[in-house]
Amino acid sequence: MWPIMKITYREMISKRIFTITILMSLAFLLLFGVATWYAAREMNESWGGRASDMLLQKNFFSTQLLGMGLYFGSFITALLAILSSVGSIAHEVESHQIDTWLARALPRHRYVLGKFGGLTSMLVLYALLMFLGILGINQWVGGGMLAVDVSAQQIGTSLGYFILMPVILVCVSLLLSSITTTVTGGIILIILYGISFIGGFVEQIGSILGENALINIGIISSLLFPTDSLFRQSTVALFEAAEDPISFASQGIFGTTSPPSRLMFFYTLFYGAATLALAVRLFGKRDV
């Protein structure tokens, strides 16, 4: 399994999309840092000594800006996970590069698990750095004006949900890569990801308006592809917003009025494990 992981590392790093994503990530963090610095300066100049009297407004802007950064950070992470993993098996089958490994009598389940280990370890590291980079900018560049007050426990819990998202994406991607072509798998995965996030926003709107139909649409989309629920759980853990309307108000459009339950978290873990097991099983039966 380890040789497959090392090959996966090299393949990932050598891809142009990986280099482009890293550069765009640095550009995003730079832009986010500049925006945070200017926002903190403007708020300090406008409010001055009245900052303590405008606590609700301060919390709104600080969590809104941090929530926006985490949202787009999760989007970039998901995009890298999809583009780097969707062809991990299908491309090698199409180009017959996999014949070299199978000729060595390597069990197919070790091949799939090696791909999984290589991809997830790289993407978890990327997600970790992205999360800490965004949070670090908020805490140090935002200063006392825009820094969100969070504890180490909140950061750890939120980070756990954040880095789990690319793991789930890789599991589903390996399943699709085991049974379809690279292009087909990529299209399906991007559509599923889009349905998840749109359904998440629909569920939050439905919760605000009290429309059960919209809430049910969001729940169904989360059951179909639970990546949005992980992002919502991450923001809930970081901002401690569950069942607190004032805390939700401070989060703005990235808030969570209908936080996912603990049962949804266990379902997400089962979802990832089941898709990975199915990928191993189906690839073992595939005629290559």
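Helix-only arithmetic for the chain: the sum of -39500 (n - 2.57) across DSSP H runs with n ≥ 4, divided by the residue total, places the mean residue ellipticity at 222 nm at -27000 deg cm²/dmol. Taking every alpha-carbon pair under 8 Å whose residues sit at least 6 apart, the chain reaches a relative contact order of 25 percent. The listed residues Val124, Val170, once ranked by accessible area (1.4 Å probe) with the largest placed first, stand as Val124, Val170.
Between the Cα long axis of helix 55-85 and the first principal axis of the chain there is an angle of about 10°, rounded to the nearest 10. Separation of the range 59-73 and the range 192-211, taken as the distance between their Cα centroids, equals 19 angstrom.
On the range 60-217, 71 percent of the accessible area sits on carbon and sulfur atoms, based on a 1.4 Å probe. Listed values for the range 174-190 are Karplus-derived 3J(HN,Hα) couplings in whole Hz (6.51 cos²θ - 1.76 cosθ + 1.60, θ = phi - 60°), namely 5, 4, 5, 5, 7, 10, 10, 7, 4, 5, 4, x, x, 5, 4, 5, 5, and x replaces Gly and Pro. Annotation: Phe266 carries an accessible surface of approximately 110 Å², with a 1.4 Å probe and no ligand, DNA or RNA atoms counted. Rounded to the nearest 10 degrees, the angle from helix 2-14 to the longest Cα principal axis of the chain is 60 degrees. In the P(r) worked out for the chain, what percent of Cα pairs fall beyond 32 Å? Taking all Cα-Cα pairs of the chain, the fraction more than 32 Å apart is 31 percent.
Working ranking of peptides 128-134, 37-43 by packing, defined as the average number of other Cβ atoms within 10 Å per residue, highest first, is 128-134, 37-43. The residues of the chain expose, per residue, 48 Å² of accessible area to a 1.4 Å probe. The label-point distance for Arg104 and Leu30, in a model that sets each label 7 Å from Cα toward Cβ, rounds to 4.0 nm.
Taking the chain as the region of interest, the number of lysine pairs whose Cα atoms are within less than 30 Å, with members eight or more places apart or on different chains, is 6.
Within the assembled protein chains, the solvent-accessible surface assigned to His109 is about 90 Å², based on a 1.4 Å probe.
Across the protein chains, with a 1.4 Å probe defining accessible surface, the residues Tyr9, Tyr111 rank Tyr9, Tyr111 from largest area downward. Relative to the longest principal axis of the Cα atoms of the chain, the long axis of helix 108-136 lies at roughly 20 degrees.
Defining a contact as two alpha carbons under 8 Å apart and six or more residues distant in sequence, what relative contact order in percent does the range 134-239 show?
Reported as a whole number, the value is 34 percent.
The values are calculated or read from the model by the stated rules, or taken from the named source; none is laboratory data. All values reported here derive from a predicted model rather than from experimental measurement. Virtual Cβ from ideal backbone geometry, glycine too; neighbours counted across all protein chains shown. Heavy atoms of the whole protein, side chains included, go into the accessibility calculation; ligands, DNA and RNA do not. Shrake-Rupley method; radii C 1.70, N 1.55, O 1.52, S 1.80 Å.
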